[in-house]
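Chemist: Okay, handing you the structure first.
The values are calculated or read from the model by the stated rules, or taken from the named source; none is laboratory data. These numbers were taken from a predicted model, which means no experiment stands behind them. Neighbour counts are summed over all protein chains in view; Cβ atoms, including those assigned to glycine, are modelled from backbone coordinates with ideal geometry. For the accessible areas, the whole protein counts, side chains as well, though only heavy atoms, and no ligand, DNA or RNA atoms are used. Shrake-Rupley method; radii C 1.70, N 1.55, O 1.52, S 1.80 Å.
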Amino acid sequence: ITITSIRGDWGQTEYNGHTGWIHLDYVVPYDDIHSDTSEYAVKWNVIDISKWQGNINWDKIANADIDAVIIRIAFRGTATKVIHTDEKFYEYYEGAKKAGLHVGCYIYSAAATEEEGREEAQYVLNEIRNNNLKFDMPVYLDMEDKVVERTGKTQIFKTSKAFLDVMEEANIYSGVYCSTS
């Protein structure tokens, strides 16, 4: 993010045509040779959670210096190509919200084409709209499956861009969550 002015412990920033303020405790100067001194990166401890974590004590997480959670909302089966909602998503969403955590979500992608990227985005959008979900963290496309890797860099770019374009058109703050591979 770019901080345009500072007042005490607060930095003014702008995103998508909207001006807001962020407490400077939540950011650190971005020390990259390509940035100027007004560039900052958000400094939060974030964990990702899916049904594999089982039952969760949300108060314990909130008291463990965790600022935010990114919850798996859905996944695409690698063999069947069918998209499913994570069976624990709504339980986790409610628990994280009640504990006062910042919440985002992700879809574990097995999309190999632009069409599948758009389909995954539309699935997530339908879940958000049909259930009146509110996120203060991004909606992520999690691209780390071997099915995705095998499509190659050019196709991965096209597939992820298709997902992100749908999200941007819907005015949903989104991103890509992946490994270095």
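Chemist: Lys81 is checked against (1) surrounded by 15 or more Cβ atoms within 10 Å (Cβ to Cβ); (2) at positive phi; (3) of a type in the set (D, E, K, R) and fails just one. What number does that condition carry?
Modeler: Lys81 satisfies all of (1) surrounded by 15 or more Cβ atoms within 10 Å (Cβ to Cβ); (2) at positive phi; (3) of a type in the set (D, E, K, R) except (1).
Chemist: Further question on the same structure: Mind listing whichever residues of segment 4-25 are closer than 28 Å to Ala170 by Cα and aromatic (Phe, Trp, Tyr)? Spell out how you get there, then give the answer.
Modeler: Narrowing segment 4-25 to residues closer than 28 Å to Ala170 by Cα: 4, 11-23.
Correct list: Tyr15, Trp21.
Chemist: Given the options Val148, Val124, name the one that is in a helix (DSSP H, G or I), open to solvent by less than 50 Å² (accessible area, probe 1.4 Å), β-branched (Val, Ile, Thr) and modelled with pLDDT of 95 or more. Don't jump to the end; show me each part of the working.
Modeler: Details: Val148 fails: modelled with pLDDT of 95 or more.
One residue alone meets the criteria, Val124.
Chemist: Then there's this: Looking only at segment 76-98, filter to residues that are at pLDDT 95 or above and of a type in the set (A, V, I, L, M); which one of those is farthest from Ala162 (Cα to Cα)?
Modeler: Looking at the filtered set, the residue picked out is Ala96.
Chemist: Sticking with this one: Only one residue in Ile66, Ile61, Ile73, Ile47 is closer than 26 Å to Val148 by Cβ, open to solvent by less than 50 Å² (accessible area, probe 1.4 Å) and modelled with pLDDT of 75 or more. Which one?
Modeler: Values: Ile66 fails: closer than 26 Å to Val148 by Cβ; Ile61 fails: closer than 26 Å to Val148 by Cβ; Ile47 fails: open to solvent by less than 50 Å² (accessible area, probe 1.4 Å).
None of the others qualify; the one that does is Ile73.
Chemist: Which condition from (1) surrounded by fewer than 20 Cβ atoms within 10 Å (Cβ to Cβ); (2) at pLDDT 95 or above is the one that Cys178 breaks?
Modeler: Of everything listed in (1) surrounded by fewer than 20 Cβ atoms within 10 Å (Cβ to Cβ); (2) at pLDDT 95 or above, Cys178 misses just condition (2).
Chemist: Where residues in segment 75-117 are touching a residue at least 40 places away in the same chain (Cβ under 8 Å) and of a type in the set (Asp, Glu), which of them is nearest to Thr154 (Cα to Cα)?
Modeler: Within segment 75-117, the match that is nearest to Thr154 (Cα to Cα) is Glu114.
Chemist: Then there is this: For Thr154, are the conditions met, namely being at pLDDT 90 or above, open to solvent by 80 Å² or more (accessible area, probe 1.4 Å) and more than 14 Å from the chain's Cα centre (by Cα)? Please lay out each step first, then the result.
Modeler: Values: at pLDDT 90 or above: yes; open to solvent by 80 Å² or more (accessible area, probe 1.4 Å): yes; more than 14 Å from the chain's Cα centre (by Cα): yes.
Criteria met by Thr154.
Chemist: Sort through Leu141, Leu133 and tell me the only one that's in contact with a Ser or Thr (Cβ under 7 Å, 6 or more places away or on another chain) and either buried (at least 17 other Cβ atoms within 10 Å of the Cβ) or in a helix (DSSP H, G or I) (or both). Give the steps one after another, and end with the answer.
Modeler: On the way: Leu133 fails: in contact with a Ser or Thr (Cβ under 7 Å, 6 or more places away or on another chain).
Just one listed residue meets the conditions, Leu141.
Chemist: Look through Lys161, Lys98 and report the one residue that is basic (Lys, Arg) and either buried (at least 16 other Cβ atoms within 10 Å of the Cβ) or farther than 22 Å from Trp44 by Cα (or both). Working first, answer last.
Modeler: Numbers: Lys98 fails: either buried (at least 16 other Cβ atoms within 10 Å of the Cβ) or farther than 22 Å from Trp44 by Cα (or both).
After ruling out the rest, the residue left standing is Lys161.
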